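Working notes, structure below.
The values are calculated or read from the model by the stated rules, or taken from the named source; none is laboratory data. Computed from a predicted model, the values in this text were never measured in an experiment. No Cβ is skipped: glycine too gets one built from the backbone with ideal geometry, and neighbour counts run over all protein chains shown.
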Amino acid sequence: MPAHAQTVGNIRGKVIDERGGALPGASVKIKGTNKGVSTSTTGDFQLNDLKPGSYVISVFYMGFDPVETNIELQAGQTLVRNIKLTGSTIGLKGVTVSAVIEGQQKALNQQRNADNIKQVISADLMSRFPDLNVAESLQRLPGVTIGREQGEGSTVQLRGTPGGYTNININGEQIMGTQEEGQRNAQLDLIPANVLSSMEVIKTLTPDLDGDAIAGAINLKTPTAISMKPQLSVDLGGGYNQLRNKANGTGNISVGRRFAATEALPNGKLGITVTGSYYKTNNGYDEINAQQWQLKDFEDGKGTIYFPTDIRLVYLENERTRMGATTTIDYSFNPTTSIVANVTFNSLDNDATRYRKRTRMQTSRTEFADGVYTTPRGRGYNEVLDRQMDNNNLNMSLEGETMLGKVKLDGGIFFTTSRFDQEAYAYNYVTGNVPMTISEISGDYIQATGETDPKNNASLYTYNTIEANNFTTEGRNFVARLNMTLPYKIGSNYASFKMGVKTKRMHNKRFRPVSSTFVANYAGAAEDGSLNNFRGDEEVSADFLDNNLSFGLGVNKAATMNFYANNPGMFNTSTNLTQVSIDSYFYDAIENVTAGYVMNRIQFNKFMLLGGLRVERTGVDYDAKLVNQDADGNLTSSVPVNSKYSYTKFLPNLQGKYDIAKNTVMRGAVSFGYSRPNFNDLVPSRVISILNATLTDGNPDLEPAFATNYDISIEQYLSNLGILSVGAFYKNVEKFQYNSVITLTGNEFPGADAYPDYLYYKTYNGDVAKVLGVELNAQTNLTFLPGVLKGISVYANYTYTHSRADAQNRKNLRLPGQADHTANGSLSYTLKGFTLQGNLNYNGAYTATLGTDDASDVVRAARYQLDVNASYRINKRMTIYAEGVNLTNQPQVEYFGERSRIYSKTFYDFSVRAGFKYRY
């Protein structure tokens, strides 16, 4: 043993409540000094490099009475001591401490003692809202905007930046995205909130965190056993979805315990916790969309206007099953050496049937007279889609820490793999050329009709094509990291120096399976393929789109599929189109990242200063295929292409924290970060759609966006377990990525003359985008009110974001994905075990896709959602609850440039659940 280790000692332990539960974020200090730490999510703390002698350990945790404990430390000793706190009556007198307040308590204490700017949601706080997955829980925090899929929150954007600018981590390491379009950000509807112990939204990164996250990082933490007593939690519930009149059900269980306590390790050597979650629902959505608008002058004196050439009605019914499980085993060899192993698995399966109708009016052949738009050559499409989507994610990690003298070493290895499989078969019926009219092209419920009734006249339709849209996306990330922390003193000020190295290999791949990918055209007799032989429901949904339209005649799914299976000779498989579909979709991307950092933290009485430098070097290797077709859509070449290069980023970082008063904290930070482009934008591929007259190119010359970030905040923590805070941020983002859309003239690239007037999609680097924002947050329990009014609690936040960007010869654009306003409001009331809560979430409008000008931008309209939940605590172990989501049936709306031009409108309707929770 080194001589120094024989002369110094360490104090370790756990801060717990009266029931033995862990208290994360507690402040643990040595009285009379500025040496201190905050407890981890499991309530653990460690004070290292202490000379032998007598110490007074002071522990502070909002909502509990402060405690001082006398410690006698021997030379070379690592003393383990649990510290129990008692709930405070100050500020909460006469109030029942419910799960609502307990959740606030844990989250605020962790946030209060953090070195950087972040928000925390504890498991108890998650359960305060009727949120089933991670994305929906995160939407309650300031500066968070979510995207929706199948009516549930799915993707997350922070502070008005694109989704790819935010890292999604489990236990500190990034999970890979598997979205169809190659986006880096993972879909969070995959992960149930019930399998986590807490979530962190980290808005200012420290040097020991990955630097490729301009917006910040979201860290999902899995639970660890905390008590020598068995801990059991069970949640069972069922409910109803209004839109499809179907049931839903959920079940969650968590068990954990610590074992093998010794005198040196009173918390036990071994901890095991297992958590599982299951949710099944039958849901769906109704949608109208018009996603192709073309310019034309109809010579009516109004000049050139946009005309909706393709209008679609969509009715989807879906069986959704989400499962999650996590197991954590930790073992302490001695008071200074321990390991933690975790396995987390999540899966999300969607089995859907989609009915879709399309009316296409060729803009070039459409005329306007007497207030009506008419075309002699319109077309109708009636189709059914059978689709299964299986999305899963597996994370495995092994972490450990030990002491070598006064030096702390910690590290670990991590492996995460994600996979998304889709098997989808679209069966399509089409009319010949039929006359169509449309009288109103403004509004949300535009329709093309005609005397021949192209919407419902089955005799007009003939079996047309079958397209197998099957694909797989895979993402893997292997990480190894090692950190060293050295405590020291500068005068009377305690400090720590930390350095570390990390390597990670990220692999993302997308492909279509050769054996099950095809495009087949019907070649049989017209009378055999008539839709009259495959009629489905005469009215798929009479209350379609919230009773604003009827869907009309549907396709018989079983008869349609059986006809193809029993008559394969009536269909011609297009080898050409099949090969184009396979080759143009493929990419295989590998990124190897090597990183190192140094970081120093000094505590000057009330002021903490943290500074450091992180360096990351990235080597990339991308494979794809460059596909070319002739004007008739025939494959002319498919050439394998490869792109390799590397780059290095230097990321300085400076952060400060000042305790203005006991419960008033001011923070500031200057940091640098970058974000890599999406895989699909980077790979050197080409995708051509003859039907839609579009051509999409990858761009291997894309560079990562690089940002300089400035942050400041002031936080006032209230004695009644509340907070009032205001924060501001500014981001200067260079070389941000944006999607360009132009009309080809023939000289844009070699061979472009084969695609005249095609829309050409490609992603480029913009110049500079500037993002400025203000975040306001208020959480308080109104315990100062008289009598029964003491049980009122308020939770509210608001974020204003403004951006300016230059791209595609356009100036002062709003950065795509940036909403000016986002807000949350929650009002709850608790009395003698009963709690009633109303929750309002608001997402402002933002640009979803950047067009060639303002008139062709796709904008997602502002949306609010009202949720309500109630619970009654029968006793200390049993609670019953009920909750309702999206009670006002708010649709999701996107429009094309102007609100009068609908792009899509989707209804999900409301759902309700009820059940019970048991805690032991």
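Observations, loosely collected:
- Residue selected from the range 288-315 under the condition of a type in the set (A, V, I, L, M) and surrounded by fewer than 21 Cβ atoms within 10 Å (Cβ to Cβ), by the criterion modelled with the lowest pLDDT: Leu295
- Matching residues in the range 700-731 - criterion: being outside any strand (DSSP E or B), surrounded by fewer than 19 Cβ atoms within 10 Å (Cβ to Cβ) and either aromatic (Phe, Trp, Tyr) or touching a Lys or Arg at 6+ places or on another chain (Cβ under 8 Å) (or both): Glu703
This table checks each residue for (1) on the phi < 0 side of the Ramachandran plot; (2) under 42 Å from the mean Cα position of the chain (by Cα); (3) part of a strand (DSSP E or B); (4) without any contact (Cβ under 8 Å) to a residue 24 or more places away in the chain.
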| residue | (1), (2), (3), (4) |
| --- | --- |
| Leu394 | yes, yes, yes, no |
| Thr402 | yes, yes, yes, no |
| Ile413 | yes, yes, yes, no |
| Lys455 | yes, yes, no, no |
| Ser459 | yes, no, no, no |
| Thr465 | yes, yes, yes, no |
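- Meets criteria (outside any strand (DSSP E or B), more than 26 Å from Asp235 (Cβ to Cβ) and of a type in the set (S, T, N, Q)) for Ser364: yes
Yes/no per residue for (1) surrounded by fewer than 20 Cβ atoms within 10 Å (Cβ to Cβ); (2) farther than 28 Å from Ala523 by Cβ; (3) acidic (Asp, Glu); (4) modelled with pLDDT of 90 or more:
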site: Ser584; (1), (2), (3), (4): no, no, no, no
site: Gln603; (1), (2), (3), (4): no, yes, no, yes
site: Leu609; (1), (2), (3), (4): yes, yes, no, yes
site: Leu613; (1), (2), (3), (4): yes, yes, no, yes
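- Residues located in the range 592-642, provided they are of a type in the set (D, E, K, R), assigned to a strand (DSSP E or B) and touching a Ser or Thr at 6+ places or on another chain (Cβ under 6 Å): Arg601, Arg617, Lys625
- Residue match in the range 259-271 (condition: at pLDDT below 95, surrounded by fewer than 17 Cβ atoms within 10 Å (Cβ to Cβ), hydrophobic (A, V, I, L, M, F, W, C) and part of a strand (DSSP E or B)): no
- In the range 471-498, residue farthest from Asn167 (Cα to Cα) [restricted to those that are of a type outside the set (Val, Ile, Thr) and touching a Pro at 6+ places or on another chain (Cβ under 9 Å)]: Tyr494
- Val683 passes every criterion in (1) closer than 29 Å to Ala819 by Cβ; (2) under 24 Å from the mean Cα position of the chain (by Cα) apart from (1).
- Tallying residues that are over 22 Å from Arg365 (Cβ atoms) and buried (at least 17 other Cβ atoms within 10 Å of the Cβ) within the range 430-455 yields 1.
- Test for Ser671: is it buried (at least 16 other Cβ atoms within 10 Å of the Cβ), part of a strand (DSSP E or B) and either of a type in the set (Val, Ile, Thr) or at pLDDT below 90 (or both): no
- Only one of the listed residues (Ala796, Ala848) is modelled with pLDDT of 90 or more, surrounded by fewer than 22 Cβ atoms within 10 Å (Cβ to Cβ) and among the small types (Gly, Ala, Ser). That residue is Ala796.
- Members of the range 359-384 found to be under 30 Å from Ala424 (Cα atoms) and in contact with a Ser or Thr (Cβ under 7 Å, 6 or more places away or on another chain), listed by number: Arg360, Met361, Gln362, Gly378, Arg379, Gly380, Val384
- Members of the range 846-888 that are farther than 24 Å from Gly791 by Cα, free of Cβ contacts under 8 Å to residues at least 60 places away in the same chain and not in a strand (DSSP E or B): Asp853, Asp854, Asp857, Ala861, Ala862, Leu887, Thr888
- Selection status of Arg148, more than 25 Å from Gly211 (Cβ to Cβ), out of contact with any Gly (no Cβ under 9 Å at 6 or more places or on another chain), not in a strand (DSSP E or B) and not hydroxyl-bearing (Ser, Thr, Tyr): no
- Criterion: among the small types (Gly, Ala, Ser), within 34 Å of the chain's Cα centre (by Cα) and more than 28 Å from Asp212 (Cβ to Cβ) - qualifying residue of Ser530, Ser492, Ser516: Ser516
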